[in-house]
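Data block below; observations after.
The values are calculated or read from the model by the stated rules, or taken from the named source; none is laboratory data. This one's a predicted model, so the numbers in the text were calculated from it and none came from an experiment. Cβ: placed from backbone, ideal geometry, glycine included. Neighbour counts: every protein chain shown. SASA here: full protein model, heavy atoms, side chains in, ligands and nucleic acids out. Shrake-Rupley method; radii C 1.70, N 1.55, O 1.52, S 1.80 Å.
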Amino acid sequence: GYFSVTGYQLYIMTDSLHIEKPETFIPLVGLLSLAGILISTIISGPLSDRVGRRKPFVFASSVVTGLALLLPWISPTIEAWMIMSFIAGLGFGMFQAVDTALMSEVLPSAQSFAKDLGVVNIAATLPQTLAPGVSGLIVIAFGFAGLFPVGIVLSVLGAFAVWPIRSTR
């Protein structure tokens, strides 16, 4: 969900938000996102370790990201985009901090950790690889505004995909 929208930010800024020089905003947006990622990573990882739970944090990260994607969909302005970038960064940072720990806890065998982590890495990077192509089809069919509801749905569906895992909390 996150990558289906953020991968198209240059085009959204030019074609939807009508920003004349989006290259002046993209570094700022990147810093806002980075700030959100750093803050939530620093807080979420240790907090998850302290409470001994992973799934609620993964679920929260998806909800935060989904809610962030509502902002520029409802209010297509550069200000909404910047706020979304920070909030989505919070959600993405929470996901990065806790999902890696979750994945390491559910590996099937100590004898095949390296192979299993390789498969997990492919699964983790596959959405980033596929998102631009799928998003392009969505833009062709529904315009840039179509990316936001799809991103929201994908974010929330990702959270529900974690709940059935029984070997961790």
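Residues that are out of contact with any Phe, Trp or Tyr (no Cβ under 7 Å at 6 or more places or on another chain), open to solvent by 60 Å² or more (accessible area, probe 1.4 Å) and not aliphatic (A, V, I, L, M): does segment 139-147 have at least one? The answer is yes, given that some residue of segment 139-147 is out of contact with any Phe, Trp or Tyr (no Cβ under 7 Å at 6 or more places or on another chain), open to solvent by 60 Å² or more (accessible area, probe 1.4 Å) and not aliphatic (A, V, I, L, M). Residues in segment 73-99 that are of a type in the set (Asp, Glu) and surrounded by 15 or more Cβ atoms within 10 Å (Cβ to Cβ): Asp99 only. Please work out which residue is farthest from Asp99 (Cα to Cα), limiting yourself to segment 109-119 and to residues that are open to solvent by less than 60 Å² (accessible area, probe 1.4 Å) and modelled with pLDDT of 75 or more. Here the residue is Ser112. Inside segment 37-56, can you point out the residues that are part of a helix (DSSP H, G or I) and small (Gly, Ala, Ser)? Correct list: Ser40, Ser44, Gly45, Ser48. Inside segment 16-36, residues that are under 17 Å from Gly151 (Cβ atoms) and either in a helix (DSSP H, G or I) or open to solvent by 60 Å² or more (accessible area, probe 1.4 Å) (or both) make up a count of 4.
In segment 54-69, is there at least one residue being of a type in the set (Lys, Arg), open to solvent by less than 60 Å² (accessible area, probe 1.4 Å) and over 13 Å from Thr6 (Cβ atoms)?
Yes, some residue in segment 54-69 is of a type in the set (Lys, Arg), open to solvent by less than 60 Å² (accessible area, probe 1.4 Å) and over 13 Å from Thr6 (Cβ atoms).
For Leu102, the stated conditions do not hold, so it cannot be described as open to solvent by less than 60 Å² (accessible area, probe 1.4 Å), of a type in the set (A, V, I, L, M, F, W, C) and either within 19 Å of Val29 (Cα to Cα) or not in a helix (DSSP H, G or I) (or both). Residues in segment 127-138 that are buried (at least 18 other Cβ atoms within 10 Å of the Cβ) and of a type in the set (A, V, I, L, M, F, W, C) were compared, and the one that is nearest to Met103 (Cα to Cα) is Ala131. Within segment 7-24, residues that are over 14 Å from Met84 (Cβ atoms) reach partners that are outside any helix (DSSP H, G or I) and of a type outside the set (D, E, K, R) with beta carbons closer than 7 Å, at six or more positions or on different chains, in the pairs Ile19/Phe25.
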